[in-house]
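Some notes on the structure that comes next.
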Amino acid sequence: MRRVTIDTPPIRVGRDPENDIVVANDTVSREHAAFMQDERRQWHVSCVSGSNPIVVAGKLVATSAPVSDMAEVVVGNDCLIVFVLNPANASHLMEHRQLQQVVCQRCWWTGMASAFRQDSPCPRCGAATVEPAEAPTDVDAAMLNETAGTRVMTEVEVRSSARVIRDAKRAVLVCTDGRGGRRVLAEAEPTRVSKTSTELPLQGFWLIGDGFTLAWDGHTWNLQSEMFWPGVKVNGVPTRATRLRVGDVIEVGRNRYEIATE
């Protein structure tokens, strides 16, 4: 935990070094949130990011919400900001660890939350299935080595990462635009989706480009778009290349697919 004292609003939070509170994490936008006062001197926190919401007092917020003394704001995966107006409360927080790592039981997001709050939703998928993290009990040595990378991972990170990889290895591409159909993704061979594909082809007259490809990199599936018009969207965000997770939705015009597991 670290303590930041700022007297003059607005208080800006984000990945950019120009922010008042800098959170160097890929899940945090360059400008993510801002604490401000209105004409009645009531404090509010606004979600500045257009793609990443915040969690205020256990509720997902994409616009603005009032905050009072000891309000809890989750920004990104690992940052829990406790908004404090009373200096005595700030001292108490620094002396007593009241934060804990939690895991979403649906998408396996891990992050920080208050030890006294059991109803916080997941900032990634919105599920109300965030629970205190436990030590991994079903992770074999091969899986741990595969997820370890170049640094020592916490038990929570190992558990979460191992489950994500295990689910990803069983991934299938499901057509959800009304046509039906599914295709099992193979680690050894990239999966190509285009107008000429034999399984789940792209449909539509005004499609320019060679579709998109899904390839396994040893940890997750990667999407590479070769579309010119319309572009490929993942979870509503236009992209040329991105890493995918189970539950992500891919759209090309009226064509809609979802990454699911067997």
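The values are calculated or read from the model by the stated rules, or taken from the named source; none is laboratory data. The structure displayed is predicted, hence computed values, not measured ones. Positions of Cβ are backbone-derived with ideal geometry, glycine not excepted, and every protein chain shown enters the neighbour counts. Just the protein is used for accessible areas: all its heavy atoms, side chains included, with ligands, DNA and RNA removed. Shrake-Rupley method; radii C 1.70, N 1.55, O 1.52, S 1.80 Å.
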Review point. In the range 234-256, how many residues are among the basic types (Lys, Arg) and within 14 Å of Gly209 (Cα to Cα)?
Key: 1
Check your understanding: Within the range 87-108, can you find the residues that are in contact with a helix residue (DSSP H, G or I) (Cβ under 9 Å, 6 or more places away or on another chain) and at pLDDT 70 or above?
Key -> Gln101, Val102, Val103, Cys104
Study note, to complete from the structure: So, first residue at positive phi and open to solvent by less than 30 Å² (accessible area, probe 1.4 Å) in the range 215-240, second residue outside any loop (DSSP other than H, G, I, E, B) and not polar (S, T, N, Q), Cβ within less than 6 Å, six or more apart or across chains; the pairs are none
Practice item. Could you name every one of the strands (runs of 3 or more DSSP E) located completely within the range 1-78 that has at least 3 residues being under 18 Å from the mean Cα position of the chain (by Cα)? Key: 54-56, 59-61, 71-75
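Here is a yes/no grid of residues against (1) open to solvent by less than 50 Å² (accessible area, probe 1.4 Å); (2) in contact (Cβ under 8 Å) with a residue 40 or more places away in the chain:
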position: Ala33; (1), (2): yes, yes
position: Val56; (1), (2): yes, no
position: Ala62; (1), (2): no, no
position: Ile81; (1), (2): yes, yes
position: Asn86; (1), (2): no, no
position: Asn89; (1), (2): yes, no
Review point. Taking the condition assigned to a loop (DSSP other than H, G, I, E, B) and not basic (Lys, Arg), does Gly204 pass?
Key: yes
**Study point:** Whichever residue in the range 173-197 is within 11 Å of Trp221 (Cβ to Cβ), of a type outside the set (S, T, N, Q) and crowded, with 16+ Cβ neighbours inside 10 Å and, among such residues, is modelled with the lowest pLDDT
**Key:** Leu185
